[in-house]
Amino acid sequence: ASQSDPPANRPDFGSLEVYYQTVHRAKPGYSVSGAEALVRWRHSHRGLLTPASFIPAAEEGGLIDALGFWVLREACRAACGWPEDTFVAVNVSPAQLRRPNFAEEVITVLQESGLPPSRLELELTESSLIEDNLDVYTVLKSLRSQGVQISLDDFGTGFSCLSHLVRFDIDRIKIDRSFVSQLGTKANGAAIIGAIVALSRNLGISTTAEGIETEYQRDFLAALGCTDLQGYLFSKPVPLGELDCFQKAKN
Ligand code: G
Ligand code: G
Ligand code: MN
Ligand code: NA
């Protein structure tokens, strides 16, 4: 490649890193059920940047597809080294779902990495589902028919249209940490989470409570019937090499 090539044509993601935050089964014993991939940008002057500071620019600049597939590839490769009963969750921007060949491209990445589709979970936001006209329905149906799991991130903060859960055959919802952080302080947090968990159980949908920072929150949510738990109490997002839980399981 010559130096005059526009950067967008040959994106260099050498400064990006994927961190992983574990997800734990509420029963038994908070064993690791999987991990969420969270991208970071190691900036030469500004240090380690979190996605909020560069994902919006990547979306606007048309780089989110390339970035998203780079993360997906890294995450699938990493998960091949983890126990077979664990998943890797990858966040997907609404713009990525609009690609006509999104489903086929995800399946190709899975095949190249050797990761079984059932071990990949794609985390969507509800705003992705609202853009009905873009045939997100067909894309998700195709992915699910091949075994890929679909979860709804930040559940409860957006439109939370309950019919989406059924129509799109969602496998999991992630209860936003703003509700979890209200536990023990505001009565509403517990009421909302209780309703979400009860509904999900009846629909056969798994629930991950996010942002658990205290033992009180952990025990309360496990007792409510959340299937999985995630948060700083268990682990912060860490580089792949620091995921001790999987290293021990492998030896
Ligand atoms: O890791 P952190 O808490 O800073 O993440 C902030 C947000 O960035 C999260 O809501 C997450 O969904 C999003 N995010 C993290 N990694 C990725 C990624 O690889 N792709 C997309 N589209 N979003 C991501
Ligand atoms: O929207 P999404 O769930 O993908 O965002 C994940 C972000 O939430 C990550 O940036 C991560 O750093 C942050 N996060 C994860 N667990 C906790 C927690 O227990 N407390 C707080 N304050 N943030 C958390
Ligand atoms: Mn997420
Ligand atoms: Na979230």
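General observations
- Filtering segment 74-108 to residues that are within 17 Å of Leu240 (Cβ to Cβ) and crowded, with 18+ Cβ neighbours inside 10 Å leaves Glu74, Ala75, Cys76, Ala78, Ala79, Trp82, Thr86, Phe87, Val88, Ala89, Val90, Asn91.
- Among the conditions (1) away from ligand 4 (no atom under 16 Å from the Cβ); (2) of a type outside the set (A, V, I, L, M); (3) in contact with a strand residue (DSSP E or B) (Cβ under 7 Å, 6 or more places away or on another chain), the only one that Ser44 does not satisfy is (3).
- Meets criteria (part of a helix (DSSP H, G or I), within 16 Å of ligand 2 (Cβ to nearest atom) and not acidic (Asp, Glu)) for Val71: yes
- Residue check, Ser44 within 30 Å of Ser118 (Cβ to Cβ) and among the polar types (S, T, N, Q): no
- Tally, over segment 122-179, of residues that are within 16 Å of ligand 1 (Cβ to nearest atom), over 21 Å from Arg73 (Cα atoms) and part of a helix (DSSP H, G or I): 8
- For segment 197-251, filtered to residues that are farther than 18 Å from Gly34 by Cβ and β-branched (Val, Ile, Thr), the residue that is surrounded by the fewest Cβ atoms within 10 Å (Cβ to Cβ) is Thr214.
- Restricting segment 38-47 to residues that are in a strand (DSSP E or B) and more than 10 Å from ligand 1 (Cβ to nearest atom), the residue that is farthest from Arg73 (Cα to Cα): Gly47
- Looking only at segment 180-223, and only at residues there that are outside any helix (DSSP H, G or I) and more than 21 Å from the chain's Cα centre (by Cα), the one that is modelled with the highest pLDDT: Thr214
- Residues (within 15 Å of ligand 3 (Cβ to nearest atom) and of a type outside the set (Ser, Thr, Tyr)) located in segment 31-63: Gly34, Ala35, Glu36, Ala37, Leu38, Val39, Arg40, Pro51, Ala52, Ile55
The values are calculated or read from the model by the stated rules, or taken from the named source; none is laboratory data. Everything numeric here is computed off the predicted structure, so don't read it as measured data. Reconstructed Cβ throughout: ideal geometry from the backbone, glycine too, with neighbour counts over all protein chains shown.
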